[in-house]
1. Given (1) at pLDDT 50 or above; (2) farther than 23 Å from residue 330 by Cα; (3) in contact with a strand residue (DSSP E or B) (Cβ under 7 Å, 6 or more places away or on another chain); (4) not polar (S, T, N, Q), identify the lone condition not met by residue 25.
2. Every residue in the range 94-119 that is in contact with an Asp or Glu (Cβ under 9 Å, 6 or more places away or on another chain), under 17 Å from residue 319 (Cβ atoms) and open to solvent by less than 40 Å² (accessible area, probe 1.4 Å), please.
3. Give all pairs with beta carbons closer than 7 Å in which a residue from the range 316-339 that is open to solvent by 80 Å² or more (accessible area, probe 1.4 Å) meets a residue that is outside any helix (DSSP H, G or I); count only pairs at least 6 apart in sequence or on separate chains.
4. Kindly indicate the residue of the range 205-257 that is aromatic (Phe, Trp, Tyr) and in contact (Cβ under 8 Å) with a residue 60 or more places away in the chain and also least open to solvent (accessible area, probe 1.4 Å) among those meeting that condition.
5. Every residue in the range 120-133 that is among the β-branched types (Val, Ile, Thr) and open to solvent by less than 10 Å² (accessible area, probe 1.4 Å), please.
6. Taking the range 81-101 as the region of interest, how many residues are at pLDDT 90 or above and under 15 Å from residue 129 (Cα atoms)?
7. Looking only at residues that are β-branched (Val, Ile, Thr) and over 13 Å from residue 251 (Cα atoms) in the range 276-303, which one is surrounded by the fewest Cβ atoms within 10 Å (Cβ to Cβ)?
8. Exactly one of these conditions fails for residue 64: (1) β-branched (Val, Ile, Thr); (2) open to solvent by 10 Å² or more (accessible area, probe 1.4 Å); (3) within 20 Å of residue 261 (Cα to Cα). Give me its number.
Amino acid sequence: MLKIKTILTTLAAITLLLPINQLSVRANFISSENSTPTKQTTDNEQPKNIYQQAKEELPKDLYVLYRIVDRIARANKLDEKSWQIVIVPEYNLNAFATNINLIALYNGILELLVGDASAIACLVGHEIAHHTETHTALTPVEKAALITKIEQEAQQEALAKKQNAQTQATGISIGRSAARIFGGRAGRFGSAVLGNVSSQRSKVSQEKIDKIVAQKKEELEKTLAEEDRKREFEADKIGYLYSAKAGFEAEGCLRAMKVLGQTPTAEFDTTHPTIPKRIEALKDLMLKFPAISLAEESRAIISETKPLTYDLSKDRKSLRLNSSRGGSSVDDVERLFDN
């Protein structure tokens with residue numbers, strides 16, 4: 001039994017809503033004694049051997065994703081760097097891309113797209129596009145810093161609209177004069193009135209600040225949402241091109257969108273554009289760039305490259321598709337300095 005299969009099999013007990021042969025690679029459940037990476041292929045091995053090996057070693061869904069990422073990376077000359085794949089064991093219609101070229105798909109979307117490799121490939125291409133186009137999302141810390149800046153600017157703006165120092169000084173002078181002229185209770189009454197006026201001004205000033213902050217926060221959220229929607233359209237476009245060049249069916253993108261259309265927010269412009277708008281944009285793109293022509297362009301590239309090898313990632317959570325240089329720095333340094 002190959003070691004990587006042993007490693008992945010130990011994870012069966014912690015998966016959610018997954019069959020026994022569809023396992024997510026999870027770090028906390030992998031022992032160090034099982035950390036030996038999978039055997040690498042040598043230069044004289046035929047491409048089909050590594051695919052046969054992967055089919056035997058990997059859970060079904062992970063094997064499919066390996067084949068898809070391998071094909072897309074090679075067809076689009078994206079194989080000069082490694083890629084990570086992880087299946088999130090939650091029933092959710094989602095996929096996402098994070099740093100270090102990590103592509104994550106929830107088992108819910110994989111289950112609904114079972115038997116449709118082209119639809120899955122389009123989602124994978126979409127997530128790869130987020131990486132290649134450096135669609136970096138705003139982190140919570142960065143967003144909090146922006147909100148703090150908004151609050152500071154709002155205070156400055158509100159203070160600028162206050163009565164000038166001369167008006168305030170005049171009010172204080174009147175209060176003192178009243179105290180001298182009327183004395184006693186009348187003077188104290190005049191000072192109290194002015195004190196109430198000052199308190200009221202502070203209250204009004206704070207209300208203005210709160211109003212400005214709320215308005216600027218709303219503008220920020222709107223700007224961020226618009227930027228996110230632009231990125232999603234761009235990732236849809238490039239994801240289609242990636243998957244079509246790799247030889248997958250163009251209609252797979254439309255089928256994937258129809259499944260995503262089952263989400264509650266599919267008909268609303270939130271951080272993502274509506275599914276109908278995305279489908280319309282994809283149809284226009286398919287007419288402009290037919291999938292057959294795209295696949296023809298990259299056929300020679302695929303034939304001239306070797307399948308990418310794979311290992312368990314150093315983060316012990318994901319499957320790593322090695323770059324075209326392979327997965328062993330030991331082998332590479334020995335290649336350079338064999339003496």
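The values are calculated or read from the model by the stated rules, or taken from the named source; none is laboratory data. As the structure is a computational prediction, the values presented were derived from the model and not from experiment. Please note: Cβ atoms are built from the backbone with ideal geometry, for glycine as well, and neighbour counts cover all protein chains shown. What goes into the accessible areas is simple: the full protein's heavy atoms, side chains included, and nothing from ligands, DNA or RNA. Shrake-Rupley method; radii C 1.70, N 1.55, O 1.52, S 1.80 Å.
1. For residue 25, the failing item is (1).
2. Selection gives 95, 97, 102, 103, 104, 105, 106, 107, 110.
3. These pairs meet every condition: 317/25; 317/26; 317/86.
4. The first filter runs over the range 205-257 and keeps only residues aromatic (Phe, Trp, Tyr), leaving 233, 240, 242, 248.
Narrowing the set further to residues that are in contact (Cβ under 8 Å) with a residue 60 or more places away in the chain leaves 240, 242, 248.
Working: 240: 1, 242: 28, 248: 37 Å².
The residue in question is 240.
5. Step one: of the range 120-133, the residues among the β-branched types (Val, Ile, Thr) are 120, 124, 128, 132.
Selection gives 124, 128.
6. Final tally of qualifying residues: 5.
7. Narrowing the range 276-303 to residues β-branched (Val, Ile, Thr): 279, 292, 301-302.
When the remaining residues are screened for being over 13 Å from residue 251 (Cα atoms), the result is 301-302.
Working: 301: 15, 302: 17.
Only one residue tops the list, namely 301.
8. Looking at each condition in turn, residue 64 falls short on (3).
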